[in-house]
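K.L.:
Got a structure here, written out as structure tokens. Questions coming.
The values are calculated or read from the model by the stated rules, or taken from the named source; none is laboratory data. If you're wondering where the values come from, they're calculated on a predicted model, not measured in any experiment. Note that we place each Cβ from the backbone using ideal geometry, even for glycine, and neighbour counts take in every protein chain shown.
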Amino acid sequence: MSERTPPIAPTSTRGRSWNYACYGLVVVGLLGCLYLTYRVSQVYADPTAALTKSSRLASAMNQPEEGKQKAPELEGGVEWLNCGGPIRLKDLRGKIVLLDFWTYCCINCIHTLPDLARLEKKYPNELVVIGVHSAKFDGEKDSKNIKEAILRYHIEHPVVNDAAHRIWNAYDVSSWPTLALIDPEGNYLGSASGEGNYELLDRIIAKLIQEHRAKKTLNEEPIRFDLAKFRERKDSPLYFPGKVLPDHAGKRIFIADSSHHRIVITDLDGKKLDVIGTGEPGARDGAFEEATFNDPQGLALRRDVLLVADRKNHLIRGIDLKARKVSTVAGNGEQGHNRRSGGAALSTGLNSPWDILLVGDDLYIAQAGHHQLWKLSFKDNRVEPWAGNGRENIFPSVSHAEQGLKGTWERSMFAQPSGLATDGKWVYVADSEVSAVRAVALDPNDRTVKTLVGEGLFEFGDVDGKGSQARLQHCLCVAYHDGKVYVADTYNNKIKTIDPNTLECKTFLGDRQGGRSDQPPRFDEPAGLGVAGDLLYVADTNNHSIRVIDLKTRAVRTLKLSGVEPPAPPAAEKPTFANASVSNVAETAIPRDGELTLAVKLVPPEGFKLNDLAPCRYLVESDKGYQQTGATPAGGDELAIKVPAEKLAESGKLKLSLTYLVCKEGGEGVCQPRSHIWDIAVKPGADAKARTINLTTAK
């Protein structure tokens with residue numbers, strides 16, 4: 001059986017390689033079966049990987065015209081997201097197009113997103129990034145779930161749901177993430193797999209811009225997309241909470257309000273006690289009101305210090321609850337790539353720490369990006385690998401154990417471990433990418449690693465049963481209570497239990513259907529668990545909620561938060577109006593009090609139509625210093641902007657600047673910003689009766 005693997009992959013690459021192999025037609029009697037299988041192998045790069053990628057892309061760029069290959073059209077997607085409609089490559093002629101083949105469970109795909117954002121910011125008018133979401137898990141094929149991931153990861157480019165892998169196959173992709181580059185003339189230049197490709201792509205994009213600007217084949221006119229964040233940002237107290245830690249003795253709950261980039265503390269009834277962090281992403285230490293986090297996840301309490309897995313910052317932070325200060329406990333602020341050894345806590349790079357667990361003076365860290373468990377010793381202030389060799393896979397699986405194969409701290413494999421719990425003897429691990437629950441012996445004289453449920457990278461589902469028969473789907477957290485391991489079976493929207501002695505796995509609550517109801521109990525990608533007494537607290541991530549389960553009665557309630565407000569939005573930047581058309585409006589008498597309405601009729605250019613899903617941004621200015629910025633509600637071609645007349649009582653000039661989106665007829669996915677400025681001479685007067693000034697974008 002041949003194996004398709006990416007030709008190049010950096011050390012941090014998720015080496016997922018699809019292996020489509022047809023075993024042939026097996027005839028048994030009158031029946032035949034065609035078997036299509038794929039398997040996955042871990043791929044590691046040699047030191048020349050970046051050079052190999054560069055030379056491949058460079059050679060493709062230097063091909064003669066007759067040798068260039070046109071990029072396959074983006075056809076076969078289930079739905080287009082984060083834009084106004086389907087996008088065709090022909091609508092992007094003149095732009096450099098970068099396709100990001102990803103799946104939202106993938107830690108390496110998540111690590112690639114900041115590089116894409118940097119490229120988009122550096123080349124706003126020359127580059128268009130399109131995410132091609134080619135799902136691994138069944139739960140990731142749902143457009144609603146992908147949309148939630150777009151919001152959670154702050155993605156600001158279009159995404160197509162490639163659930164059937166048709167675009168993936170058209171581009172001959174073999175691993176996540178893969179970045180495919182298309183030049184302004186629609187030619188496919190090649191691809192690069194894995195993380196760490198920013199410098200390579202930056203060099204090539206700069207060269208393409210220079211070349212096609214000289215050829216006059218580069219379109220530098222701005223285009224915009226109808227981003228979900230402008231329409232669907234939840235105004236709830238929590239935003240995609242990732243983990244929760246109830247403190248029964250302290251009568252409080254610690255919540256990782258992950259996409260608000262802060263920690264929320266409430267009492268057991270949900271009343272606000274404190275909030276740590278400004279709500280803006282960052283890594284600043286300091287007072288509660290000044291400190292910043294970036295996608296905080298796992299939590300652990302060490303006396304009066306709350307420890308936080310600050311996931312995107314690759315740090316462990318410490319919150320001194322008495323001194324009300326935040327400091328950095330481990331990590332150097334850079335993503336680590338050394339899986340073999342550690343070092344001093346503050347000089348060693350971590351890699352997406354997703355959960356933490358305190359046992360005595362040791363903090364165990366689920367290093368999702370390293371596919372390992374690490375240990376931070378507070379006695380000597382060092383952080384070291386603890387279990388797993390860093391290869392992304394599962395060893396030993398339940399089937400391996402049934403065959404007599406055994407795992408140890410050194411001789412074991414994990415795949416994006418994301419949740420930790422303990423019974424005092426074992427550390428239980430939610431090993432998300434192999435949909436498994438693992439157990440690691442704490443005793444250094446034992447060193448055993450075993451699996452309670454889980455078989456492999458592509459063995460997942462929703463099956464109750466024992467041992468190798470049971471299936472989970474991308475589980476993100478575990479908790480231990482009264483002899484049972486509770487599992488957040490995230491992509492199945494369920495809470496399950498596992499008996500660590502019999503390996504029996506059962507559904508505890510949930511029916512796989514995503515929802516927020518208490519009765520029947522439903523969840524939406526639950527990702528965090530914590531036990532206090534006989535209550536199980538659930539970070540119900542996509543519901544932006546904390547749910548509370550009575551473990552004796554199985555009754556479910558949603559924690560009602562009081563006094564917890566979403567962070568204040570960042571101060572709005574003064575909008576800009578590039579390449580605006582300008583209209584001069586004759587002097588108009590306006591009242592000195594009450595309200596003045598600027599009524600605008602939007603008339604799109606010929607061949608275009610208005611994007612009625614996107615709001616219009618505006619700026620009102622007077623010659624006496626008054627300013628008013630805002631955005632109109634989306635929809636319709638008539639706008640009414642209200643201005644307090646008393647603010648203009650001494651003015652002689654009024655200026656309205658407006659930007660709006662138009663899309664080509666038949667190409668609604670690609671939109672262009674249009675700007676218009678009206679310079680209006682005004683004459684305030686007590687006897688002025690007209691309270692409306694009519695304006696239009698028509699020439």
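K.L.:
Being surrounded by fewer than 23 Cβ atoms within 10 Å (Cβ to Cβ) and within 19 Å of the chain's Cα centre (by Cα) narrows it down to one of Leu218, Leu151, Leu200, Leu238, so name that one.
P.N.:
Step by step, each of Leu218, Leu151, Leu200, Leu238 is checked, and only Leu151 is surrounded by fewer than 23 Cβ atoms within 10 Å (Cβ to Cβ) and within 19 Å of the chain's Cα centre (by Cα).
K.L.:
Does the range 70-77 include one or more residues that are surrounded by fewer than 23 Cβ atoms within 10 Å (Cβ to Cβ) and under 30 Å from Gly456 (Cα atoms)?
P.N.:
Looking through the range 70-77, at least one residue is surrounded by fewer than 23 Cβ atoms within 10 Å (Cβ to Cβ) and under 30 Å from Gly456 (Cα atoms).
K.L.:
Identify all residues within the range 306-331 that are aliphatic (A, V, I, L, M) and surrounded by fewer than 18 Cβ atoms within 10 Å (Cβ to Cβ); write none if there are none.
P.N.:
Answer for the range 306-331, where residues must be aliphatic (A, V, I, L, M) and surrounded by fewer than 18 Cβ atoms within 10 Å (Cβ to Cβ): just Ala323.
K.L.:
Next question. Among the numbered criteria (1) outside the structural domain of Leu127 (by TED's automatic domain parsing); (2) under 30 Å from Arg674 (Cβ atoms); (3) basic (Lys, Arg), which single criterion is violated by Lys243?
P.N.:
Unmet for Lys243, out of (1) outside the structural domain of Leu127 (by TED's automatic domain parsing); (2) under 30 Å from Arg674 (Cβ atoms); (3) basic (Lys, Arg): (2).
K.L.:
Same structure, new question: Somewhere in the range 377-396, is a residue free of Cβ contacts under 8 Å to residues at least 24 places away in the same chain, on the phi > 0 side of the Ramachandran plot and assigned by TED's automatic domain parsing to the domain that holds Leu529?
P.N.:
No, because not a single residue in the range 377-396 is free of Cβ contacts under 8 Å to residues at least 24 places away in the same chain, on the phi > 0 side of the Ramachandran plot and assigned by TED's automatic domain parsing to the domain that holds Leu529.
K.L.:
Same structure, new question: Please find, within the range 672-693, the residue that is nearest to the chain's Cα centre (by Cα) out of those that are crowded, with 16+ Cβ neighbours inside 10 Å and either small (Gly, Ala, Ser) or farther than 23 Å from Cys616 by Cβ (or both).
P.N.:
My answer is Ser675.
This table checks each residue for (1) within 26 Å of Ile223 (Cβ to Cβ); (2) modelled with pLDDT under 95; (3) in a strand (DSSP E or B).
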| residue | (1), (2), (3) |
| --- | --- |
| Cys105 | no, no, no |
| Cys109 | yes, no, no |
| Asp115 | yes, no, no |
| Lys121 | yes, no, no |
| Gly131 | yes, no, yes |
| Lys136 | no, no, no |
| Gly139 | no, no, no |
| Asn145 | no, no, no |
| Ile150 | yes, no, no |
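K.L.:
I'm told Ile167 meets every condition in (1) outside any helix (DSSP H, G or I); (2) touching a Ser or Thr at 6+ places or on another chain (Cβ under 8 Å) except one. Can you identify the failing condition by its number?
P.N.:
Ile167 satisfies every listed condition except (1).
K.L.:
Continuing with the same structure: Quick check: anything in the range 575-594 modelled with pLDDT of 90 or more and either within 32 Å of the chain's Cα centre (by Cα) or of a type in the set (Phe, Trp, Tyr) (or both)?
P.N.:
The answer is no, given that none of the residues of the range 575-594 is modelled with pLDDT of 90 or more and either within 32 Å of the chain's Cα centre (by Cα) or of a type in the set (Phe, Trp, Tyr) (or both).
K.L.:
When the range 327-371 is examined, which residues are found to be farther than 29 Å from Tyr480 by Cβ and among the aliphatic types (A, V, I, L, M)?
P.N.:
Scanning the range 327-371 gives Ala344, Leu346.
K.L.:
Any residue at all in the range 608-617 that's closer than 15 Å to Asn694 by Cα and touching a Cys at 6+ places or on another chain (Cβ under 8 Å)?
P.N.:
no
K.L.:
Next up: Taking the conditions exactly as written (outside any loop (DSSP other than H, G, I, E, B) and at negative phi), does Leu613 satisfy them or not?
P.N.:
no
K.L.:
Give the residues of the range 499-521 that are surrounded by 17 or more Cβ atoms within 10 Å (Cβ to Cβ), more than 23 Å from the chain's Cα centre (by Cα) and either assigned to a loop (DSSP other than H, G, I, E, B) or without any contact (Cβ under 8 Å) to a residue 12 or more places away in the chain (or both), sorted by residue number.
P.N.:
Hits for the range 499-521 are Pro500, Leu503, Gly510, Pro521.
K.L.:
Among Val582, Val556, which is the only one that is of a type in the set (A, V, I, L, M, F, W, C) and closer than 28 Å to Val275 by Cβ?
P.N.:
Val556
K.L.:
Another question about this same structure. On the given criteria, is Arg554 closer than 29 Å to Arg262 by Cβ and outside the structural domain of Ile677 (by TED's automatic domain parsing)?
P.N.:
Judged against the criteria, Arg554 is not a match.
K.L.:
Scan Leu179, Leu201 and give me the residue that is part of a strand (DSSP E or B) and closer than 24 Å to Val670 by Cα.
P.N.:
Leu179
K.L.:
Next question. Being among the charged types (D, E, K, R) and part of a strand (DSSP E or B) is the filter here; which residues of the range 347-369 pass it?
P.N.:
Matches in the range 347-369: Asp355, Asp362.
K.L.:
Give the residue, chosen from Pro385, Pro417, that is farther than 16 Å from Asp362 by Cα and either within 32 Å of the chain's Cα centre (by Cα) or crowded, with 22+ Cβ neighbours inside 10 Å (or both).
P.N.:
Of Pro385, Pro417, the one residue that is farther than 16 Å from Asp362 by Cα and either within 32 Å of the chain's Cα centre (by Cα) or crowded, with 22+ Cβ neighbours inside 10 Å (or both) is Pro417.
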